[in-house]
Amino acid sequence: MTTPLLDSNGKLNGESVRYVAIGDSFTEGVGDVDRRRPNSLRGWADRVAEGLGAVDPQAQYANLAIRGRLLIPILEEQLPHALDLKPNLVTFYGGGNDIMRPNVDIDQLMTHVDEAFATLRGEGIEVLTITGLDVQGQGPFARTRGRTATYNELLRGIAEDHGVHIIDYWRWNDFLDWRLWADDRLHMNDLGHERFASRVLAQLGLPGVVTEPVLPPEVQLTVREKVEQEARWVREFALPWIGRRLKGTSSGDGVSPKYPQWVPAASLKRTRFMEAHGTV
């Protein structure tokens, strides 16, 4: 994104932002626990909305993302709902759950993304889409690096064709720090979501509205602690995930969107920026 979408007052083409987030667990905010919120989650998209509300109290926000969703269900279930809300800004990320499956036709999936971008842009909606992170051999996604690279390259081409803006997570190597990740090793924790939101807002044209967090010192584990940590991860996260695959169920079964209708972005939380600038 060479020219920021938003002006210094948080306006998009002179209008208050009406922002809808669609996607899976990444956008729902899994890993960033907040018991006071719907689904007990906050997440980077909420934090972006908070930043928008900090500079423009008229900004509106909806989040339709649901954990566990594959790419096509995201587009079939969430895209029509998003269009009904008549936003002027949409963020989209999907496909990560597909990439983790044993078999996936990435080329076929991307035809659906192409159609979705054409629909959104045809309505005059600005779109931000997000590439997958380059895990460089780390964590549960290590074996899917090639698939993610293919997905990203196709996504970049489709985005360019439709004038869609790219949040290039693939190139943010500083996210390869386990202090930014939740215990499940699949999702960012609160620090990771906060850093991600700060980067998105900066790319939109609002740097410093959400500041990047200071990370705690790294903890050096003993060999025994590492073994215990691995055993706990297998027991609490890996085995339940495998169980859901075998049963054909999803972590998102029975889960509803956090914010299916418009809420004032400024109502989500008083941020440090708001407190510093006296914005209510």
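Every test in (1) more than 16 Å from Asp253 (Cβ to Cβ); (2) assigned to a helix (DSSP H, G or I); (3) within 17 Å of the chain's Cα centre (by Cα) is passed by Thr91 save one, and that test is (2).
Looking at segment 108-117, can you tell me whether even one residue there is over 23 Å from Ser250 (Cα atoms), in a strand (DSSP E or B) and modelled with pLDDT of 95 or more? No: zero hits. Evaluated against (1) in contact with a helix residue (DSSP H, G or I) (Cβ under 7 Å, 6 or more places away or on another chain); (2) surrounded by 24 or more Cβ atoms within 10 Å (Cβ to Cβ), Leu6 falls short on exactly one condition, (2).
Return yes or no: is Leu64 over 24 Å from Ser267 (Cβ atoms), of a type in the set (A, V, I, L, M) and in contact (Cβ under 8 Å) with a residue 12 or more places away in the chain?
Working: over 24 Å from Ser267 (Cβ atoms): no; of a type in the set (A, V, I, L, M): yes; in contact (Cβ under 8 Å) with a residue 12 or more places away in the chain: yes.
Answer is no for this residue.
Let's see how each residue does on (1) farther than 29 Å from Asp7 by Cβ; (2) in contact with a Cys (Cβ under 8 Å, 6 or more places away or on another chain); (3) among the charged types (D, E, K, R); (4) surrounded by fewer than 21 Cβ atoms within 10 Å (Cβ to Cβ):
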{"residue": "Thr131", "(1), (2), (3), (4)": "no, no, no, no"}
{"residue": "Arg147", "(1), (2), (3), (4)": "yes, no, yes, yes"}
{"residue": "Trp178", "(1), (2), (3), (4)": "yes, no, no, yes"}
{"residue": "Asp184", "(1), (2), (3), (4)": "yes, no, yes, yes"}
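Note on segment 31-85: residues that are surrounded by 17 or more Cβ atoms within 10 Å (Cβ to Cβ), over 13 Å from the mean Cα position of the chain (by Cα), part of a helix (DSSP H, G or I) and of a type in the set (Asp, Glu) total 1.
Test Met100 against the stated conditions and say whether it is closer than 26 Å to Arg143 by Cα, touching a Ser or Thr at 6+ places or on another chain (Cβ under 7 Å) and among the hydrophobic types (A, V, I, L, M, F, W, C). Yes. For segment 163-207, enumerate the residues that are within 18 Å of Gly23 (Cα to Cα) and at pLDDT below 95. The answer is Leu186, His187.
The values are calculated or read from the model by the stated rules, or taken from the named source; none is laboratory data. The structure presented is a predicted model; accordingly, all values stated were derived computationally and were not measured. Because the Cβ atoms are built from the backbone with ideal geometry, glycine has one as well, and the counts that use them run over all protein chains shown.
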